[in-house]
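Data block below; observations after.
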Amino acid sequence: MSLDYVKFSGGFEKFMPKEYRDMVEHGPFGKKISVSQMGSFKEILEEHPMCAGCAMTLFIRLAIIAFPNPEDTITVGTAGCGRLAISQAAIPFVYGNYGDQNGVASGLSRGLRLRFGDKPKDVVVMAGDGGTADIGFQQVLHSWFRKERFTTIMLDNEVYGNTGGQESGMTNRGAVLKMAPLGKKFEKMDMLQMAKVAGCAYVATVVPNNPRRVESVIKKAVLIAREVGSTYIQAYTSCNIEYAIPTDKVMEDAKNVENDRYQFTEYVSEEAKQYLAERYGYKEFLPKTAAPAASIPTKA
Ligand SMILES: Cc1ncc(C[n+]2csc(CCOP(=O)(O)OP(=O)(O)O)c2C)c(N)n1
Ligand code: SF4
């Protein structure tokens, strides 16, 4: 894990597959790349076996572009649709049992710190809403309470997509699904509030149809997790199959859902604000300088 692992060994360049040469020469490793440059560089994730039009894939693609140091990043995933795409990316991916992802990531990020000391090695978990809020819930919460320094991203399609449409804790009340034909009886879990109560230093919600915002929240979450503590992003990544959203309406759905119940929210702890401002120059988090006191006119 470093720039070295994407370089060619001396004399081997001409024998490497074209895709690999493209990645070394035109990929984002060691460069500052932004989502606004999509189409002009070789992406870490290009091909995947997910359903056509799946918004989760777009989100994962944007998230990976946003990683501040992709050559020093390991993703961790679990059973669910997302791993089908994440595992195709040209960066290391660790796949645990269903729901184990935050336990695996805790050990991994601690191990990387022991091995590499101060050199940033970023660990990013990406898992479905079932993997995060249901079966992985215990490990997710404990990693947050322990302030484990990695980022958790929930790919919230509000259903178990990979297994054909069971309700999850994140499904909305009343939603009727193939394998929840009577409609869900309970409210969607408030994982954002739980993340704050459990002490996450950064918590944000996003939808994938605003690439710059996705980029901005991912960067902040990954940078804060390096030193301050756990960070959590909850992304609406609709399942067009289980919710029968026509492929050409997926982005329209995301916009409507954003306006309706998935507005952008961002919580940054005071410690994280100070860290982002001082270490990475985030001007919006610099302490406000006190306005000069109004001069009191003196009597002649
Ligand atoms: C221990 C265990 N139980 C059940 C499964 C079967 N399984 C695979 S994916 C999945 C649901 C995934 O739903 P979610 O986490 O919401 O991700 P999505 O597929 O919707 O992205 C289940 C139940 C499994 N792989 N391992
Ligand atoms: S089942 Fe749903 S979430 Fe899974 S790949 Fe297909 S559209 Fe995406």
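The values are calculated or read from the model by the stated rules, or taken from the named source; none is laboratory data. This one's a predicted model, so the numbers in the text were calculated from it and none came from an experiment. All Cβ positions, even for glycine, are placed from backbone atoms using ideal geometry, and neighbour counts span all protein chains on display. Note: areas computed on protein heavy atoms with side chains; ligands, DNA, RNA excluded. Shrake-Rupley method; radii C 1.70, N 1.55, O 1.52, S 1.80 Å.
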Rounded, prolate or oblate: which fits the range 122-161 when a ≥ b ≥ c are the square roots of the eigenvalues of the alpha-carbon gyration tensor, with rounded for a/c under 1.5 and prolate only if a/b beats b/c? oblate
I want to check the label-to-label distance for residue 286 and residue 2. Put each point 7 Å from Cα in the C-beta direction and report it in nm to one decimal. 3.4 nm
Ignoring everything except DSSP H segments at least 4 long, calculate the 222 nm mean residue ellipticity for the chain; use -39,500 (n - 2.57) per segment, divide by total residues, nearest 500. -9500 deg cm²/dmol
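What trypsin sites (Lys or Arg not before Pro) does the range 109-174 have in DSSP loop regions with at most 12 other beta carbons within 10 Å?
173
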Whole-angstrom gap from the range 233-257 to the range 159-190, using each part's C-alpha centre: 15 Å
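How much accessible area per residue does the chain have, in Å², with a 1.4 Å probe? Don't jump to the answer; show the numbers that get you there.
Working: 14960 Å² over 300 residues.
Heavy-atom accessible area per residue stands at 50 Å².
Of all accessible surface on the chain at a 1.4 Å probe, what whole percent is carbon and sulfur? Let's see the in-between values first.
Details: 8250 of 14960 Å².
Roughly 55 percent, rounded to a whole number.
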In whole Hz, what ³J(HN,Hα) sequence does the range 82-93 give by Karplus (6.51, -1.76, 1.60; θ = phi - 60°), x for Gly and Pro? x, 5, 5, 8, 4, 6, 8, 6, 8, 9, x, 9
Student exercise, the range 180-296 dipole from Lys, Arg, Asp, Glu Cβ charges, in Debye to nearest 20: 160 debye
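Around residue 112, what is the net charge, scoring Lys/Arg as +1 and Asp/Glu as -1 over all other residues with Cβ under 13 Å from its Cβ? Spell out each step's value before the answer.
Values: positive: 110, 113, 115, 119, 121, 149, 226; negative: 72, 118, 122, 148.
Every neighbour counted, the sum reads +3.
If you keep only loop residues by DSSP, which GluC sites (Glu not before Pro) in the range 46-78 have at most 14 other Cβ atoms within 10 Å of their Cβ? Intermediate results must be reported in sequence, preceding the final value.
Details: sites: 46, 47, 71; in loops: 46, 47.
Here the GluC sites (Glu not before Pro) that fit, given the DSSP loop and packing criteria, are 46, 47.
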